[in-house]
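A.B. asks: Mind having a look at this structure? Questions to follow.
The values are calculated or read from the model by the stated rules, or taken from the named source; none is laboratory data. Quick caveat, the model's predicted, so the values are computed rather than measured. Here Cβ is always computed from backbone atoms with ideal geometry, including for glycine, and neighbour counts include all displayed protein chains.
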C-alpha cells in the first residue's frame, strides 16, 4: 500500500481520492478489487454495495462534467454471471 496503488479508508476518503485521480488523469475506465485475501463473501458484497452507493455516484458526476461525452454505442454491455 505504500506504493500508492491502493486507496483505503472511509467511503468519503476513497471517493475524494478517486475524484482527484479521475480529474488529474482523465480516467475513462476504473477497475476495482474489493476482495482481499481472507475476506468473506458477505464482507466483499458489503464493500461492493458501499462502493456502488457511496463512491460511484460522485465518480459518475465527475465524468459528466463535460470531459467525457461518449456515445451509448461505446458503452460496454453489462454481463451477469
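A.B. asks: For the range 10-27, indicate whether the set of residues that are loosely packed, with under 13 Cβ neighbours inside 10 Å, under 11 Å from the mean Cα position of the chain (by Cα), in a helix (DSSP H, G or I) and modelled with pLDDT of 90 or more is non-empty.
C.D. replies: No - not one qualifying residue is present in the range 10-27.
A.B. asks: When the range 31-57 is examined, which residues are found to be loosely packed, with under 12 Cβ neighbours inside 10 Å and part of a loop (DSSP other than H, G, I, E, B)?
C.D. replies: 31, 33, 36, 37, 38, 40
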